[in-house]
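Step one of this worksheet: look at the structure below.
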Amino acid sequence: MEKVPSSVAINTVNLSMTYRSGKLNVPALQSVNFTVQHGEFIAIMGPSGCGKSTLLHLLGGLLQPTHGSIFIDGIDISTLSDSERTAIRRDKIGYVFQRFNLLPTLTAKGNIELAKKIHGNGALGTNGVDHILSMLGLTEKIQFRPSELSGGEQQRVAIARAVVNRPSIVLADEPTGSLDSHNSGKVLEMLRELNVKLGQTIVMITHDADAASTASRVIEMKDGQILSPTFHFALSHSLREAAENP
Amino acid sequence: MENLIAANIRSRPTRTFISVLAVALGVVLMLVIGGIVSGTLNDYLGRTVAVGADFILQPAGSSVLYAFSDASLNSKLAGTMQQVSGIESVTPVLSKFSPAHFGLVFGIDLDSYNKFPGRLQMVSGRASLKGDEAIVDQILAEAKKLKPGMTMNILDHDFTITGICRSGAVVRVFLPLETLQKLLGTTDRVTVLFAKAAPNVPVEEVYQNLRKQFPHYSLLRASDPNLLLAETRLPGLKEFRIAVIAVSMLLSFMVILLAMYTTIFERTREIGILKALGASRNFIVGMILKESVMICGLGALLGICISEIIRKVVILMSPTLQVSMTFGDLLGGMVLGITAGILGALYPAYKAARMDPVKALSYE
């Protein structure tokens, strides 16, 4: 078996995913190979239906691949059971969604503390939570429910929830997709700050070329395949097209 | 930490209210109906014991609930029984259910009846039972506003009330034995014979003597209600209690099943979020079960409170009706509510735990 260096956060080997639709097999990912180092901030770009979300769900262990392997911190999660993948997700991965996905019945603080409860005792003490809340500018809003927060504020709470247990990897599925440019800028700035200050590995899906430019590396996808595995700080013509015509 | 379960319960007040109310209804059904059955039975058995007889002789296969028994015992057996060694006194009784006051009336021979420790103790009027005379107890007198000298229609026949006796007597209405026998067309027939052992003679020895003398009759020892309950035949009582508990439980179970099943579909996306955050299947099952137990616990508590109110109202409005609710019954109500909650939530919890997180996250 291929040995994965300890500096590697994510490594996929010939990763393929095929959905079954009636009698048809619909390929979503085909032999995807890429590596993400610890502390990297990468963006995955591509047109709708190119397999970005499927890839993110596979990395998070929410889906089981049809073929290939996914190594998270050196552990091949493609061979694990559902409960083992859940444990990996709980311990090593934080999720940020386009539509925030906060629990509407809980306050901002309740949402963050729920993530701690699910994790166990949480990797951070009260001071750590306060530090993250302060870093994300949420100190004043912790007792508000999601319906009482703006989109940008909700996404900041969602980011706090994703990182409160100090996962080694944060998976962000179009985190700025539902935000205006002002709030998008703020959220991206925060993700960058978390990446730099807390050293968190971030994998972000985006349609937005400006958002992608925040990342240290961009991976371009099309038709379930990776076009450019190491694309640094510059966008190809096809990517710009994809960004302009999502 | 803000509790997710409490927040879920608070955020769906209508569902919570209806579920709590339905569980409460199941508990009320069990406690009140069961309480009326137990209360009436215990009260009746207690008052039977209060006659002070050591033995009750009935035809074979009879029940101590005399409403189920007919008058098939020859009253001459009283004389035979009196001759048995160790017997001090015997009194024959003819019983009949009276729909007018929804209870039994006893036709008695007052002289022999009053030789028993539970003799009629008059609180007003006089102790006389001849012809068309009747004696009623205090509770019935208060409930029906009866006084000595008044006329009361019993079994389509008018009786003059001669006296009011202290409550606690075996029944609430006493008539002359001969009059009741004529009314029912059962001359020389009685329902039961009460007998008392002579002092200083071992009761067990007298029991064995009676057993030898009356081998084909039902002979009960009447010294305490539990013994009487254990020895007597109460047709269908156990089955009735089981049926009431089963209906109550089914009601609570179905309401919780429906409520939690609807809730998990309503919360599909939330379950997807929890899974994405790393919540295990056990965490999700636990969350649904705890929520259900909390709703059912509230329902059971409400049911207990409502049952207690109903008990007080029933006793106030119908003093002759007894509703028994022991600590054990109330505990049983709590257990019923919570058990129904757990059972009703099991399937929805299983469904929630098995949800595909990706589909759940994209659920609109």
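The values are calculated or read from the model by the stated rules, or taken from the named source; none is laboratory data. All values reported here derive from a predicted model rather than from experimental measurement. Note that each Cβ is placed from the backbone with ideal geometry, even for glycine, and that neighbours are counted across all protein chains shown. Heavy atoms of the whole protein, side chains included, go into the accessibility calculation; ligands, DNA and RNA do not. Shrake-Rupley method; radii C 1.70, N 1.55, O 1.52, S 1.80 Å.
Brief remarks follow.
- Computed about the Cα centre, the dipole magnitude for the protein assembly as shown is approximately 540 debye when only Lys and Arg (+1) and Asp and Glu (-1) carry charge, each at its Cβ.
- Charge dipole of the protein assembly as shown about the Cα centre (unit charges at C-beta), most positive-ward option of A:155, A:120, B:213: B:213
- Residue A:216/residue A:20 FRET efficiency (R0 41 Å; Cβ-Cβ; nearest 0.05): 0.65
- Taking the protein heavy atoms of the protein assembly as shown in the context of the full set of protein chains, the accessible area attributed to carbon and sulfur is 57 percent at 1.4 Å.
- The GNM of chain B, with springs linking C-alpha atoms under 10 angstrom apart, assigns the highest mean-square fluctuation among B:148, B:202, B:176 to B:202.
- Taken about its Cα centre, chain A carries a charge dipole of about 500 debye when Lys and Arg each add +1 at the Cβ and Asp and Glu each add -1 at the Cβ.
- Reduction of at least 30 Å² in accessible surface, 1.4 Å probe, comparing all protein chains with the chain by itself, residues of segment A:90-113: A:90, A:97, A:99, A:101, A:103, A:105, A:106, A:113
- Across B:92, B:215, B:319, mean-square fluctuation computed from a Gaussian network of chain B (C-alpha pairs under 10 Å connected) peaks at B:215.
- Once A binds B, the 1.4 Å probe can no longer reach about 2300 Å² of accessible area, counting both sides.
- Bridgeable lysines around residue A:141 (alpha carbons under 21 Å apart, same-chain partners fewer than 8 residues away excluded): A:109, A:116, A:117, A:186.
- Other-chain or far-sequence residues with amide H under 5 Å of residue B:164's (modelled H): B:123, B:124, B:125, B:126
- Charged neighbours of residue B:120, selected by a Cβ distance under 15 Å, balance to +3 (K, R count +1; D, E count -1).
- The string of couplings for segment B:265-270 from the Karplus curve (6.51, -1.76, 1.60, θ = phi - 60°) is 6, 5, 9, 3, 5, 4 Hz, one whole number per residue in order, with x for Gly and Pro.
- Simple Cβ-charge dipole of chain B, Lys/Arg +1 and Asp/Glu -1, about Cα centre, in debye nearest 20: 800 debye
- Using just its DSSP H runs of length 4 or more, each adding -39500 (n - 2.57), the protein assembly as shown gives a mean residue ellipticity at 222 nm of -14000 deg cm²/dmol after division by all residues.
- Computed from phi, the 3J(HN,Hα) profile of segment B:194-210 under the Karplus parametrisation 6.51, -1.76, 1.60 (θ = phi - 60°) reads 8, 9, 10, 6, 5, x, 6, 10, x, 4, 5, 5, 5, 4, 5, 4, 5 Hz, with x in place of Gly and Pro.
- At a probe radius of 1.4 angstrom, the accessible area of chain A per residue rounds to 42 square angstrom.
- For residue B:217, no residue has an amide H sitting under 5 Å from its own, ignoring neighbours fewer than 5 places away on the same chain, with H placed 1.01 Å from N.
- Shape of segment B:70-133, Cα gyration tensor, a/c cut at 1.5: oblate
- For chain B, built as a Gaussian network whose Cα springs stay under 10 Å, the top-fluctuating residue of B:291, B:270, B:178: B:270
- Each 20 Å bin from zero up to the one holding the largest Cα-Cα distance in the protein assembly as shown carries the following percent of pairs: 17, 31, 17, 15, 16, 4, 0.
- Restricting attention to segment B:61-187, the count of lysine pairs at 8 or more positions apart or across chains with alpha carbons under 19 Å apart stands at 7.
- Distance-filtered residues of segment A:41-77 - backbone nitrogen under 17 Å, label point 7 angstrom along residue B:356 Cα→Cβ: A:51-67
- Label-to-label distance for residue A:84 and residue A:197 is 3.7 nm, based on points extended 7 Å past Cα in the beta-carbon direction.
- Summing +1 for each Lys or Arg and -1 for each Asp or Glu among the other residues whose beta-carbon sits under 12 angstrom from that of residue B:130 gives -4.
- Where both bridge residues fall in the protein assembly as shown, DSSP classifies roughly 65% of the beta bridges as antiparallel.
- Residues whose amide H comes within less than 5 Å of that of residue A:40, counting only those at least five positions distant or on another chain, are A:202 (H built at 1.01 Å from N in the peptide plane).
- Computed from backbone phi with θ = phi - 60° and the Karplus coefficients 6.51, -1.76 and 1.60, the 3J(HN,Hα) list for segment A:63-69 is 10, 9, x, 6, 9, x, 10 Hz; x is used for glycine and proline.
- Neighbourhood net charge (13 Å Cβ-Cβ; Lys/Arg +1, Asp/Glu -1) for residue A:42: +1
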